[in-house]
Amino acid sequence: MNRIILQVAAALASGIVFGFGLSLSGMLNPARVQGFLDIFGAWDPSLAFVLGGAVAVAFVGVQAMKRMKHPAFDDSFHVPTNNRIDAPLVVGSALFGLGWGIGGFCPGPAIAALMIGLPETVVFVVAMLVGMTLHDRVWSKRP
Amino acid sequence: MSIYLASLIGGMLIGTSAVMLLLLNGRIAGISGIVGRLVQGVQTATNLAFVIGLPLGVLVYLLAFGGWPEVRMTVGLPLIVAAGLLVGFGSRMGSGCTSGHGVLGLARLSPRSMVAVATFLTAGVVAVAVLRGLGL
């Protein structure tokens, strides 16, 4: 079969599992996310289990990757090789974290939650796409 | 199901999804990267398929459990817009978000991702503390 079709099918299946996992985990709910970040108030530690479970499974996958010559549907792995800890990494992560705390949404849950059709979610996603475009098309292209 | 067990199983499914994308396509399941490349028109077919899968996964949840997962935003529209702008700009500037840095970066033991996760968790805690302090 044409390899691009296999890649698209794998990406779609992976996205569906991701969206279902987000729904089950509680990450889709901004109120829960803010409860997780509210360590000085009524802290809800349950979402730590989401990160723990995800990292544990992904760690096994990364070990499997190291034993494979190439992924099933491509000639090579496309994994970041940059090791520099620089200002954009720290400043960008700080800005992202502030937005994550204020809104309770990160990119995956916000896009997945579009399914439910709440107007606030649509507003958040549009603002997020504007923010991404401002970075990629304006900020990173500044003279 | 207890919320702790649901969170653990949900998290393991998120990890499973990341492993699928990694071992099948050789790609990192970083949502901000995937969406960013989609907006820029790079690798459109696979990125679009993944992004369409996310809401479809929520639909599968509805079919499996007979109700939507709870989604409740706690702040008003001006703060929702500000939060969206910060999440979009910041995740692109920092080369990742909760998925790329949080899940795969930590699983790869990447020092960059460890710094990113510590930074965005701290900033998130500060943001919520300030919101609570302001009574929002």
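Values quoted throughout were computed directly from the atomic coordinates according to the rules given, and no laboratory measurement underlies them. What you see is a predicted model, and the numbers here were worked out from it, not measured in a lab. Ideal geometry is used to build each Cβ from the backbone, glycine not excepted, and the neighbour counts take in all protein chains shown.
Summary of values
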{"quantity": "Volume per residue that the Cα convex hull of the protein assembly as shown spans, once the total is divided by residue count, Å³", "calculated": "124"}
{"quantity": "Check: segment B:3-133 dipole with +1 on Lys, Arg Cβ and -1 on Asp, Glu Cβ, in debye", "calculated": "240"}
{"quantity": "Quotient of C-alpha Rg and 2.2 N^0.38 Å, computed over chain B", "calculated": "1.15"}
{"quantity": "Average beta carbon contacts from partner chains per residue of A:59-70, 10 Å cutoff", "calculated": "4"}
{"quantity": "Loop-resident sites, segment B:1-84, for trypsin sites (Lys or Arg not before Pro), counting at most 14 other Cβ within 10 Å (DSSP)", "calculated": "B:ARG72"}
{"quantity": "Percentage relative contact order, segment B:43-128, counting C-alpha pairs under 8 Å, at least six apart", "calculated": "12"}
{"quantity": "Peptide-level mean, for A:72-79, of C-beta atoms on other protein chains within 10 Å", "calculated": "5"}
{"quantity": "Chain A: Rg to Rh, with Rh as the Kirkwood radius over Cα pairs", "calculated": "0.99"}
{"quantity": "Helical mean residue ellipticity (222 nm; -39500 (n - 2.57) per DSSP H run of 4+; nearest 500) of chain A", "calculated": "-20000 deg cm²/dmol"}
{"quantity": "Mean Cβ count within 10 Å, highest first, over the residues of peptides B:42-48, B:97-103, A:13-19", "calculated": "B:97-103, A:13-19, B:42-48"}
